[in-house]
Structure formats: structure tokens, C-alpha cells
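The values are calculated or read from the model by the stated rules, or taken from the named source; none is laboratory data. Not measured: the values here are computed from a predicted model. Methodologically, a virtual Cβ is constructed for each residue, glycine included, from the backbone with ideal geometry; neighbour enumeration extends over all protein chains shown.
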Amino acid sequence: MDATPLRAVLVTGASAGIGEEFARQLAMAGHHLVLVARRLDRLEALASELQARHNIRVACIASDLSKSDAAESLVAALQAQQIQVTGLINNAGFGDRGTVQDLPLQRQLDMIQVNVTSLVDLTWRLLPALKESANSFVINVASTAAFQAGPNMAVYYASKAFVLSFSEALHEELKRTGVAVSALCPGATDSEFASEANMSDTLLFKAGTMTTEAVVRKALASRRRAIVIPGLKNLLMIWLGKLSPRVVTRRLAGMLQA
Ligand SMILES: NC(=O)c1ccc[n+]([C@@H]2O[C@H](COP(=O)([O-])OP(=O)(O)OC[C@H]3O[C@@H](n4cnc5c(N)ncnc54)[C@H](OP(=O)(O)O)[C@@H]3O)[C@@H](O)[C@H]2O)c1
């Protein structure tokens, strides 16, 4: 990296799937980037490709967001490299299929740390810089899972309900500051998520997936909205869910990922 301060959008979970696609579309729009994930080799390959194709600078930072000090170390690395964050995409996350009792406790606690705690931690630490920057934004990747309980993926669904609620509240709190906050709620999307979560053979994923390209296009185009639900099918499912008793929606969610 050269010594000129870099004004960049930070994307967590940029080594695969939706996060990688955020990096691609933001690069195409001319944004400098900070890419974050555990797999540094993947981040560096993506950074080289994007820098060769677009007139941008890309920094890569390896970080395991399941560690309690990850956000603090990440922000220290940004300061050391003189990077000012002008946009934050809290995208890193994972799920796992299984009952609360059957899944290892540490796996479920790591899920809360990555999907919830590190997201809040990073947001809090970067808000002062975001407030100083015109037209800055935060996109928190929630899920259609945020709208009902999910038996057989209880912690994952609860983590995404947190992300949705937190982002909606933050959207209102920051309305007059110029920082746009959005909760992106994708449904089943073609990425590494399903295999990581042991969900490839579920009805939810067999019923069809959206491309990461379409999900991210919608997210970036709608980033001033509090809640963004890409895809007509996902939107309809959520509206139908709102009209149904909770006992119906949670049982349906359980069936889709049995
Ligand atoms: N795909 C779907 O159907 C779907 C639907 C709704 C919501 N979402 C949400 O979308 C987001 C992105 O998921 P995806 O579909 O793109 O899945 P993916 O292809 O599996 O990508 C997940 C990303 O998160 C990163 N990550 C996971 N654990 C991490 C950790 N401990 N520390 C740092 N980074 C970590 C991974 O990087 P490393 O492994 O290199 O660390 C990877 O870059 C997640 O929040 C997910 O819950 C996905």
C-alpha cells in the first residue's frame, strides 16, 4: 500500500459468496476497498484481480471474527494503514443445520460472535469515521430468516432477527447524520453458505436460489432503505408470513430445513 490515506468501503466476509460480489460491484463503481475474512489467499487473489481491472486500491486484512478482540484489532490495523472507512458492509456470517442440543455449543457461540457481536462491535468502532464522511453507509446482512423463528437452526435465525432489529433501530438513530443504514435480507442465495451450513439438500435450497449478483445489485441500489428484501419470491414469503400466526411460520421454517 502507498502512504496516501485511503478512503474505502470495508467488506467483511469478502472471500466468498455475497461479500465477494459486494467487492466486485463496489470496485466497478470505483470504490477503494478493504477486504476482510479468514482466508487471506482468497482476499489477495480478488484484490489483485480488482486492482488490475479497475482504477482502485484494495487492502486485505485477515481476521477471524469469532474472536472477541477481532473488531478492535481490525480497527487498529485500519488506523495503522491510514484507512478511513466511508462504507461498511457487515456481511461475514454462517449458519449450521441441527438442533440446539445436537450442534456443538462452541459452534453456536462462534455463530453469535460472528453474526451478532462482531457486527455490533465493528459498527460501534467505525461510526465516528462514518459520520465524518458524506454519503456514508452501513449495510448489515441479515436474512429472510430474521422474520420468524427457525427450528433446526435456532441460533442462526435468532442471530439474524437481532441483525434486522439492530439495523432498523440504527437506521432511525442515524437518519439525520447522513449515515444510511440498511438491513439486507436475502433468501436462499447461491454461495458457499448452504454447504457450510449443511443445507444443500433442504427444501429451502432445492426450491431455487438467487444469484449473488442480483442480491448485491438490489442491496446497493436500495442502500438508503431500512430493510431490503431482494427477489419477489422472498418478498411474498415475508408478507404472507406477516399475515400468518407465528406458530405457522415457525413450523413452516422448520419443515423447509428439516
Ligand atoms: N447464501 C444464503 O442463502 C444466505 C441467505 C441469507 C443470508 N445470508 C447471509 O449472507 C452473508 C454472506 O453469506 P454467503 O451466502 O456469502 O456465504 P459464504 O459464501 O459461505 O461466505 C461467507 C463469508 O463469511 C466469512 N466468514 C465466515 N466466518 C468467518 C469468521 N469467523 N471470520 C471472518 N469471516 C468469516 C467467510 O470467509 P472466511 O471463511 O474466509 O473467513 C466468507 O467470506 C452471511 O451473513 C449469511 O448469513 C446468506
D110 vs. criteria free of Cβ contacts under 8 Å to residues at least 60 places away in the same chain, out of contact with any helix residue (DSSP H, G or I) (no Cβ under 7 Å at 6 or more places or on another chain), of a type in the set (D, E) and not in a helix (DSSP H, G or I): no
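How many residues does segment 211-246 hold that are under 19 Å from L170 (Cα atoms) and β-branched (V, I, T)? Full working, then the answer.
So in segment 211-246, the residues under 19 Å from L170 (Cα atoms) come out as 219-220, 222-229.
The next check asks that each one be β-branched (V, I, T); those that pass are 227-229.
Of the residues in that region, 3 qualify.
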query: For V247, are the conditions met, namely being modelled with pLDDT of 95 or more, farther than 26 Å from T12 by Cβ and among the β-branched types (V, I, T)?
result: yes
message: within 12 Å of the ligand (Cβ to nearest atom) and farther than 22 Å from L119 by Cα: which single residue out of A197, A207, A183 fits that description?
response: A207
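Every residue in segment 40-58 that is among the acidic types (D, E) and within 13 Å of the ligand (Cβ to nearest atom), please.
D41, E44
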task: Could you pull out the residue among S159, S165, S195, S191 that is under 30 Å from A29 (Cα atoms), in a helix (DSSP H, G or I) and small (G, A, S)?
output: S165
message: Looking only at segment 1-21, filter to residues that are surrounded by 16 or more Cβ atoms within 10 Å (Cβ to Cβ) and farther than 20 Å from S195 by Cα; which one of those is farthest from the ligand (Cβ to nearest atom)?
response: R7
- request: Keeping to segment 22-70, report how many residues are surrounded by 16 or more Cβ atoms within 10 Å (Cβ to Cβ), of a type in the set (A, V, I, L, M, F, W, C) and farther than 21 Å from Q82 by Cβ.
  value: 4
task: Please work out if A71 is of a type in the set (G, A, S), within 15 Å of the ligand (Cβ to nearest atom) and more than 16 Å from the chain's Cα centre (by Cα).
output: no
query: How many of the residues making up segment 60-86 are farther than 13 Å from T12 by Cβ, in contact with a Leu (Cβ under 9 Å, 6 or more places away or on another chain) and aliphatic (A, V, I, L, M)?
result: 1
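Just to be sure before I move on: is A129 part of a helix (DSSP H, G or I), over 28 Å from P245 (Cβ atoms) and among the small types (G, A, S) in the structure I sent?
For A129, the condition - part of a helix (DSSP H, G or I), over 28 Å from P245 (Cβ atoms) and among the small types (G, A, S) - is met.
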